[in-house]
Structure formats: C-alpha cells, structure tokens
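Right, one structure below, let's go through it.
The values are calculated or read from the model by the stated rules, or taken from the named source; none is laboratory data. Predicted, not measured: the structure shown is a model, and the values here were computed from it. Counting neighbours? That spans all protein chains shown, and the Cβs are built from the backbone with ideal geometry, glycine included. Note: accessible area is taken over every heavy atom of the protein model, side chains too, but ligands, DNA and RNA are not part of it. Shrake-Rupley method; radii C 1.70, N 1.55, O 1.52, S 1.80 Å.
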Amino acid sequence: MTKPWGLAAVHQNIERACRDAGRDPATVTLVAISKTFGADAIEPVIAAGQRVFGENRVQEAKAKWPRLLDGHPGIALHLVGSLQSNKAKDAVALFDAVHSLDRASLAEALGKEIAKQSRRPLLFVEINTGAEAQKSGVLPQDADGFLAACRNQYGLSVSGLMCIPPADEAPAPHFALTAQIAKRNGLQLLSMGMSADFEVAIAFGATHVRVGTAIFGARSQPG
Ligand SMILES: *Cc1c(COP(=O)(O)O)cnc(C)c1O
C-alpha cells in the first residue's frame with residue numbers, strides 16, 4: 001500500500017473529530033511520526049507547515065534531525081518510543097517531549113539529565129492499559145504511585161499520560177481509562193491516538209495525536 005502524503009486529510013479529520021466532540025482544534029497537537037522516513041519525505045511535510053515531529057529511536061533521530069532542524073527553526077521533536085536509561089542524556093538534549101516514561105530507573109536518569117542540562121522536555125508517563133506482557137508502560141493500578149514517585153523522588157514534572165491500546169481491541173475503553181487516570185492525578189495532557197484511531201482518541205480528550213502512516217504513507221520497515 002502506498003498512500004500519498006496526507007497531511008491535509010489528517011488536518012481535516014482532526015477538525016471534524018474536534019467539531020463532533022465540541023472541542024477547539026487548537027487543543028489538539030498533531031505529532032507527525034516520521035520514523036523510518038528520510039529527509040526527502042520529511043521536507044515536504046515541513047514545507048506544508050507541520051512543526052511537531054515524533055521519532056521512536058534516539059539513534060535514528062540523532063542521525064537525521066540535527067541537519068533538518070538547522071534549516072528549520074521552530075520545530076519540536078518528540079520521542080515516542082521506548083528509551084534506554086543510558087540514552088537519557090541524548091534524549092534530553094535532542095527532544096522537546098518524551099512520551100515513554102515507563103519506569104523508575106528511567107525517571108531517575110531523566111531527572112538527573114534535566115537537572116544538568118538547561119532543558120525541560122514535556123514528559124508523558126506511558127500506561128500499559130491492556131496489561132500486555134510484551135509492551136512497556138506502567139500498569140494502570142501502579143500509575144498513581146509511579147506519578148507520585150516521579151514528583152517526590154525524582155523531581156520530575158510530568159505533564160500527561162500516553163497509551164497504545166492493544167492492536168486487537170477497541171481503543172475507546174483504553175483511552176477512557178487513560179483519561180480517568182490523568183484526571184485523578186491532575187494531569188492536563190493526553191498522548192493518545194495513531195493513524196487508525198486518532199478520531200476516537202480526540203473524542204476521549206487526546207491533546208496529542210501521534211500520526212505516522214496517514215501522513216507519510218506505509219512504512220517499508222517496522223518502526
Ligand atoms: C509508529 C508509532 C506511531 C504512529 O503509528 P501510525 O499507525 O503509523 O500512525 C504512534 N505512536 C508510536 C509510539 C509509534 O511507535
């Protein structure tokens with residue numbers, strides 16, 4: 001499947017989903033997930049006005065983004081994939097947001113780097129709403145305790161939650177659960193929704209939708 005570049009279509013769908021939910025489209029940030037795509041695919045999306053991009057690997061982002069950022073000030077880079085603690089330094093240096101804070105050792109590493117570098121990336125705690133063994137993320141029942149530890153032990157200011165619903169289930173209950181955990185912890189931001197389900201996520205309050213395929217077309221390699 002090769003789908004043409006669809007940034008305009010994604011914008012229209014976000015606007016429609018916001019209208020249906022009675023929300024202001026300005027409250028939804030589109031994070032264009034450019035993993036596996038090179039500068040030739042990313043440049044036209046920047047030229048069309050997109051300013052927030054997401055990657056899932058620190059190494060890949062380090063290899064391709066510094067040059068792209070040089071030519072285009074005002075771009076924000078978000079890390080959406082799992083982060084090894086030994087890459088926290090690079091991640092804090094390069095990314096404006098980390099969507100995948102999922103364990104105490106990473107919270108500790110990020111806390112140290114944030115204190116050392118004068119950068120304050122937006123932080124999202126990833127919730128494993130489906131309790132899937134192969135997936136990272138904090139279990140729903142551990143979320144409140146983990147958020148308290150981030151604040152009190154590691155000095156982190158967490159802004160929101162992120163989730164990736166199980167591929168074979170309806171996403172709505174997972175988005176609802178994530179929104180509920182955020183609400184009771186006083187968190188404003190929700191990173192939920194990918195190409196297949198961002199409209200549903202918007203109905204459940206997503207403030208950040210992470211959309212790759214619907215913008216760039218199908219990936220030839222796994223992310
Ligand atoms: C790849 C990826 C996305 C984008 O997925 P699409 O289905 O291509 O929109 C979103 N979030 C994360 C964490 C990803 O790894």
Checklist outcome for this item: For the stretch 168-208, the count of residues that are assigned to a helix (DSSP H, G or I), open to solvent by less than 30 Å² (accessible area, probe 1.4 Å) and of a type outside the set (A, V, I, L, M, F, W, C) equals 2
Checklist outcome for this item: Condition set touching a residue at least 40 places away in the same chain (Cβ under 8 Å) and assigned to a loop (DSSP other than H, G, I, E, B), scope the stretch 11-36, selection nearest to Val211 (Cα to Cα): answer is Ser34
Next on the checklist: Let me confirm something: among Val125, Val158, which residue is open to solvent by less than 60 Å² (accessible area, probe 1.4 Å), part of a strand (DSSP E or B) and in contact with a helix residue (DSSP H, G or I) (Cβ under 9 Å, 6 or more places away or on another chain)?
Outcome noted: Val125
Checklist entry - Would you pick out the residues in the stretch 128-155 that are part of a loop (DSSP other than H, G, I, E, B), in contact (Cβ under 8 Å) with a residue 40 or more places away in the chain and within 17 Å of Ser105 (Cβ to Cβ)? => result Ser136, Gln153, Tyr154, Gly155
Item to check | Selection status of Ala196, within 12 Å of the ligand (Cβ to nearest atom) and under 19 Å from Ala17 (Cβ atoms) | outcome: yes
Checklist entry - If a residue has to be more than 16 Å from the ligand (Cβ to nearest atom) and open to solvent by 30 Å² or more (accessible area, probe 1.4 Å) to count, how many in the stretch 75-86 make the cut? => result 2
Checklist entry - What residue, of Arg67, Arg57, is open to solvent by 40 Å² or more (accessible area, probe 1.4 Å) and under 18 Å from the mean Cα position of the chain (by Cα)? => result Arg57
Checklist outcome for this item: The lone condition His99 fails out of (1) under 28 Å from Gln59 (Cβ atoms); (2) out of contact with any His (no Cβ under 7 Å at 6 or more places or on another chain) is (2)
Item to check | Complete set of residues in the stretch 180-194 that are in contact (Cβ under 8 Å) with a residue 24 or more places away in the chain and in contact with a helix residue (DSSP H, G or I) (Cβ under 7 Å, 6 or more places away or on another chain) | outcome: Ile181, Asn185, Leu190, Met192
Item to check | Residue ID - farthest from Gly6 (Cα to Cα), chosen from residues in the stretch 201-223 that are more than 9 Å from the ligand (Cβ to nearest atom), polar (S, T, N, Q) and out of contact with any helix residue (DSSP H, G or I) (no Cβ under 8 Å at 6 or more places or on another chain) | outcome: Gln221
Checklist outcome for this item: The residue from Val31, Val92 that alone is under 21 Å from Gly217 (Cβ atoms) and either open to solvent by less than 70 Å² (accessible area, probe 1.4 Å) or within 13 Å of the ligand (Cβ to nearest atom) (or both) is Val31
Checklist entry - Which one is nearest to Thr29 (Cα to Cα), of the residues in the stretch 209-223 that are out of contact with any Phe, Trp or Tyr (no Cβ under 8 Å at 6 or more places or on another chain) and part of a loop (DSSP other than H, G, I, E, B)? => result Gly212
Item to check | Conditions (1) away from the ligand (no atom under 16 Å from the Cβ); (2) small (Gly, Ala, Ser); (3) touching a residue at least 24 places away in the same chain (Cβ under 8 Å); number of the one not met by Ala41 | outcome: (1)
Next on the checklist: I need a count of the residues in the stretch 44-67 that are basic (Lys, Arg), more than 14 Å from the ligand (Cβ to nearest atom) and under 17 Å from Lys87 (Cα atoms).
Outcome noted: 2
Checklist entry - If you check Ser136 against the conditions, is it out of contact with any Cys (no Cβ under 8 Å at 6 or more places or on another chain), within 11 Å of the ligand (Cβ to nearest atom) and of a type in the set (Ser, Thr, Tyr)? => result yes
